[in-house]
Amino acid sequence: MSEFDNQIPSAYDPFADANAEDSGAGTKEYVHVRIQQRNGRKSLTTVQGLKKEFSYNKILKDLKKEFCCNGTVVQDPELGQVIQLQGDQRKNVSTFLVQAGIVKKENIKIHGF
Amino acid sequence: MADEEHNELKEEVPELAPFDPTKKKKKKKVVIQDIADDSMDKLAEKTESLSVADGVESSFSGLKKKKKKPVETRPLSEEIGEGEEDLDDHDHEDDEAEGASLHQERYPWEKSDRDYQYEELLGRVFNILRENNPELSGDRRRTVMRPPQVLREGTKKTVFANFMDLCKSMHRQPDHVMAFLLAELGTSGSLDGQQRLVVKGRFAPKNFEGILRRYINEYVICLGCKSPDTILSKENRLFFLRCEKCGSGRSVAPIKAGFVARVGRRNAGT
């Protein structure tokens with residue numbers, strides 16, 4: 001009956017969703033952009049999880065130049081290298097990384113308030 | 001495909017109308033239900049008067065009647081239980097008939113032989129649904145959370161006063177919510193004597209709200225049906241979310257604080 005035919009979408013892959021999520025959530029390579037409060041209204045922005053192939057120092061240099069702030073690359077024993085910037089640069093960093101083609105937009109996670 | 005059928009059926013209307021078989025069946029039904037239930041009778045009458053409007057729907061309802069027939073022959077004692085179902089059915093017919101009579105005036109495919117567009121038919125279905133069953137159509141009940149009450153304690157600490165209430169309304173362990181909040185805020189904190197959350201640092205209520213919203217999206221809301229009626233359970237070190245409404249489950253990411261830079265004074269020794 002035509003009624004029933006309508007209810008069944010023919011070209012629907014039931015696993016498409018699950019696969020997409022697997023690649024996204026399970027073995028994800030999110031770039032985490034976090035903020036941390038310091039004393040007063042000062043804050044720090046940390047960028048963690050960039051691909052190892054990138055030269056962190058070069059990215060940092062451009063970030064510093066773009067946002068007019070200071071920053072460093074911190075070597076963490078567990079998480080590897082982390083970029084640290086002064087001030088709340090979360091929005092700036094994420095737009096910069098997307099525009100430079102370093103990370104895709106859906107792989108950036110902005111934490112903090 | 002279905003559209004074509006609709007068309008055909010519609011064109012056959014004039015021939016069908018004089019000896020409409022559904023009408024007869026309805027009459028029969030009324031007679032039987034007369035004994036059982038008066039309200040049913042009324043409804044049936046209504047549907048009768050309405051269903052004359054269009055052939056498409058009446059032919060459909062005819063199909064339904066065929067399905068329904070065994071029910072009618074059952075003993076009366078069961079009739080009560082079935083009564084509701086019957087009512088629903090009638091409602092449906094009502095909807096269809098009404099929609100049909102209305103759509104004669106207001107739909108763009110009137111007076112033309114063309115096929116229906118999918119969007120048009122979809123719109124029609126939703127209009128009918130919205131008219132008759134507003135609670136079923138799309139705009140679902142929103143889950144309302146109370147806004148977080150945030151106070152300042154001294155200059156350096158923030159107190160989240162109704163933390164426990166919010167945890168309870170989300171059905172989550174306070175520990176889990178606290179871990180998430182602290183990780184996202186990037187600070188440390190603890191529960192105090194009155195079960196309020198004390199966080200180090202200065203934060204506005206808006207900040208908490210945003211983080212709670214993210215928490216709910218990630219750890220409370222079921223992706224399948226969007227209901228907040230879920231259970232978070234821990235199975236050998238992994239967190240799983242199971243929906244109480246639709247029964248679907250998914251794994252959720254563990255809470256990680258990630259890199260925390262050292263702020264404040266360093267010890268002289270290191």
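The values are calculated or read from the model by the stated rules, or taken from the named source; none is laboratory data. Remember, predicted model here, so these are calculated numbers, not experimental data. Here Cβ is always computed from backbone atoms with ideal geometry, including for glycine, and neighbour counts include all displayed protein chains. Calculation scope for accessible area: heavy atoms of the full protein, side chains included, ligands and nucleic acids excluded. Shrake-Rupley method; radii C 1.70, N 1.55, O 1.52, S 1.80 Å.
Structural remarks
- The single condition among (1) loosely packed, with under 15 Cβ neighbours inside 10 Å; (2) within 14 Å of another protein chain (Cβ to nearest Cβ); (3) under 25 Å from the mean Cα position of the chain (by Cα) that B:Arg214 does not satisfy is (1).
- Subset tally (residues that are of a type in the set (Gly, Ala, Ser) and touching a His at 6+ places or on another chain (Cβ under 6 Å)) for segment A:69-113: 0
- All positions within segment A:48-57 that are more than 9 Å from chain B (Cβ to nearest Cβ) and not acidic (Asp, Glu): A:Leu50, A:Lys51, A:Lys52, A:Phe54, A:Ser55, A:Tyr56, A:Asn57
- Within segment B:195-211, considering residues that are open to solvent by less than 60 Å² (accessible area, probe 1.4 Å) and free of Cβ contacts under 8 Å to residues at least 40 places away in the same chain, the one nearest to the other protein chains (Cβ to nearest Cβ): B:Asn207
- Residue count, segment A:77-88 (criterion: open to solvent by 20 Å² or more (accessible area, probe 1.4 Å) and touching a residue at least 24 places away in the same chain (Cβ under 8 Å)): 6
- Only one of A:Lys51, A:Lys65 that is over 17 Å from A:Thr95 (Cβ atoms) and open to solvent by 80 Å² or more (accessible area, probe 1.4 Å): A:Lys51
- Members of segment B:170-194 that are more than 34 Å from the chain's Cα centre (by Cα), farther than 18 Å from B:Ala257 by Cα and in contact (Cβ under 8 Å) with a residue 12 or more places away in the chain: B:Leu191, B:Asp192
- Each residue in segment A:28-42 was checked for being more than 7 Å from chain B (Cβ to nearest Cβ), open to solvent by less than 60 Å² (accessible area, probe 1.4 Å) and either part of a loop (DSSP other than H, G, I, E, B) or over 14 Å from A:Val82 (Cα atoms) (or both), and 2 pass.
Matching residues to (1) modelled with pLDDT under 85; (2) under 27 Å from B:Leu238 (Cα atoms):
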| site | (1), (2) |
| --- | --- |
| A:Lys28 | yes, yes |
| A:Ile35 | no, yes |
| A:Arg41 | yes, no |
| A:Glu66 | no, no |
| A:Asn70 | no, no |
| A:Leu79 | yes, yes |
| A:Gln86 | no, no |
| A:Gly101 | no, no |
| A:His111 | no, yes |
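- Selection of segment B:167-194 for residues being hydroxyl-bearing (Ser, Thr, Tyr), more than 14 Å from chain A (Cβ to nearest Cβ) and more than 23 Å from B:Glu244 (Cα to Cα) yields only B:Ser190.
- Criterion applied to A:Val73, A:Val93 was being crowded, with 19+ Cβ neighbours inside 10 Å and either in a helix (DSSP H, G or I) or not acidic (Asp, Glu) (or both), and the one residue passing it is A:Val93.
- Answer residue from segment B:217-253, given it is among the hydroxyl-bearing types (Ser, Thr, Tyr) and surrounded by fewer than 16 Cβ atoms within 10 Å (Cβ to Cβ) and is nearest to the other protein chains (Cβ to nearest Cβ) among those: B:Ser251
- Scanning segment B:190-227 for residues that are outside any loop (DSSP other than H, G, I, E, B), more than 15 Å from B:Val144 (Cα to Cα) and in contact with a strand residue (DSSP E or B) (Cβ under 7 Å, 6 or more places away or on another chain) turns up B:Ser190, B:Leu191, B:Leu197, B:Val198, B:Val199, B:Lys200, B:Pro205, B:Phe208, B:Glu218, B:Tyr219.
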